[in-house]
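Every number in this text was worked out from the coordinates using simple rules, so none of it is lab data. Just so we're clear, the structure is a prediction, and the values are computed from it rather than from any experiment. All Cβ positions, glycine included, derive from the backbone under ideal geometry; neighbour counts span all protein chains shown.
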Amino acid sequence: MENLTNIGVIKDILERYGFSFSKGLGQNFLINPSVCPKIAEMGNAASGWGVLEIGAGIGVLTHELAKRADKVAVVEIDGRLIPILNETLAEHDNITIINEDVMKADLAAIIRENFSGSKVAVCANLPYYITSPVIMLLLESRLPIDSITVMVQKEAGKRICAGMGTRDAGAVTAAVRYFSEPRLLFDVSRGSFMPSPNVDSCVIRLDVRREPPVSVNDEKFFFRTVRGAFSQRRKNLANSLSASLGIPKNDVSEAIKQTGLSMNIRPEQLSLDEFAALADALLIYCR
Ligand code: SAM
């Protein structure tokens, strides 16, 4: 169905199905007609590609994806939206709708069953309450995904796309850079949604790397080190790491020195290479 950004059309659908928005599920539907075509085009929805969407709403983005990609599989948690989607997306024969929680769904099986032989893109206007968990789940589970193009809150987008060594860098910055090359695509104002949220948004794209840019002895421990370093931004690095990793402060200080870092360095000043070297140096104290 065209015109899914038209407020009259949306109101008519919602009324006919007796649908009310769930704040808890992050239901802010896109009503700005220029945004979904841009996400689809910049997010690799094209011939030769399968697209996994997370959170269909009434199908406004799904429709634009299905017009361009070979196949679309969309995971939507809210069962009340399924009959609506069956109506609004009826003209497409290349969409599979899956009524599940994305955090619990077997994404590897969904990709295998829907996109065999195609390149795979994820496109979504993500529910804000699970932005980072969804992105980390997609990256950490090493699914055969080539790109992830998602709408997130502007602040979250800034942190995710920040350069290492800059003030905006956080644990999620390092983790995302380990798995992908992130890029901020464009901003989207709060007035582009119904209901309108209290903050502005942006669309980011993560191009998934084949190989990580640094090598570490223990990947899980590397991520624990990164999270630990950023866990208490007001404490110094040695104290934060000692508390979060359960390693005596003297040993942590020794590892920091051994890595050639200043004792006063702040976590946001470290590069990915320095985090990798620090994690490897700390690892011996954990055994
Ligand atoms: N794509 C639509 C759009 O742009 O208008 C809807 C976007 S809305 C921000 C987020 C959607 O994600 C809602 O439809 C919501 O029900 C769904 N959602 C929320 N939590 C989810 C979860 N854990 N798994 C799958 N979908 C979820």
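Taking a ≥ b ≥ c as the square roots of the eigenvalues of the Cα gyration tensor, an a/c ratio of 1.5 or more together with a/b no larger than b/c marks segment 7-208 as oblate.
Shape analysis of segment 219-286 yields a ratio of the Cα radius of gyration to the Kirkwood radius, Rg/Rh, of 0.89.
Close amide H contacts of residue 193 (hydrogens built in the peptide plane, cut-off under 5 Å, sequence separation of 5 or more or a different chain): 31. Here the Kirkwood formula puts the hydrodynamic radius of segment 1-123 at 14.6 Å, using every distinct Cα pair. The amide H of residue 185, built 1.01 Å from its N in the peptide plane, has 203, 204, 205 as neighbours under 5 Å, considering only residues 5 or more places off or on other chains. DSSP beta bridges confined to the chain are antiparallel in about 45 percent of cases.
Distance between the C-alpha centres of segment 194-232 and segment 71-121: 25 Å, rounded to the whole angstrom. In order along segment 197-206, the Karplus-derived 3J(HN,Hα) couplings, from 6.51 cos²θ - 1.76 cosθ + 1.60 at θ = phi - 60°, round to x, 8, 9, 7, 10, 8, 10, 10, 10, 10 Hz, and Gly and Pro are given as x.
Packing, taken as the mean count of other beta carbons within 10 Å per residue, orders the peptides 47-59, 197-209, 220-232 from highest to lowest as 47-59, 220-232, 197-209. Normalised by the number of residues in segment 164-238, the mean separation of alpha-carbon contacts (under 8 Å, six or more apart) gives a relative contact order of 31 percent.
For the chain, a Gaussian network of Cα nodes joined below 10 Å ranks 103, 263, 136 by mean-square fluctuation, and the top entry is 263. Among the listed pairs 71/154; 38/158; 11/154; 38/67; 23/104; 71/220, a Cα-Cα separation exceeding 22 Å is found for 71/154; 11/154; 71/220.
Scalar couplings 3J(HN,Hα) for segment 57-69, obtained by applying the Karplus form with A = 6.51, B = -1.76, C = 1.60 to θ = phi - 60°, are x, 9, x, 5, 7, 3, 4, 5, 5, 5, 5, 10, 8 Hz; x denotes Gly and Pro.
If you build a Gaussian network model of the chain, linking Cα atoms that sit under 10 Å apart, which residue out of 32, 44, 264 swings the most? With Cα springs under 10 Å in the chain, the top fluctuation among 32, 44, 264 is at 264.
Taking 17, 178, 128 as the candidate residues, the one with maximal mean-square fluctuation in a Gaussian network model of the chain, Cα springs under 10 Å, is 17. Karplus-based coupling profile of segment 274-280, in residue order and whole Hz: 5, 4, 5, 5, 5, 4, 5, with θ = phi - 60° in 6.51 cos²θ - 1.76 cosθ + 1.60 and x standing for Gly or Pro.
The relative contact order of the chain comes to 15 percent, based on Cα pairs under 8 Å that sit 6 or more residues apart.
Label positions at residue 7 and residue 262, each projected 7 Å from the Cα along the C-beta direction, are separated by 5.4 nm.
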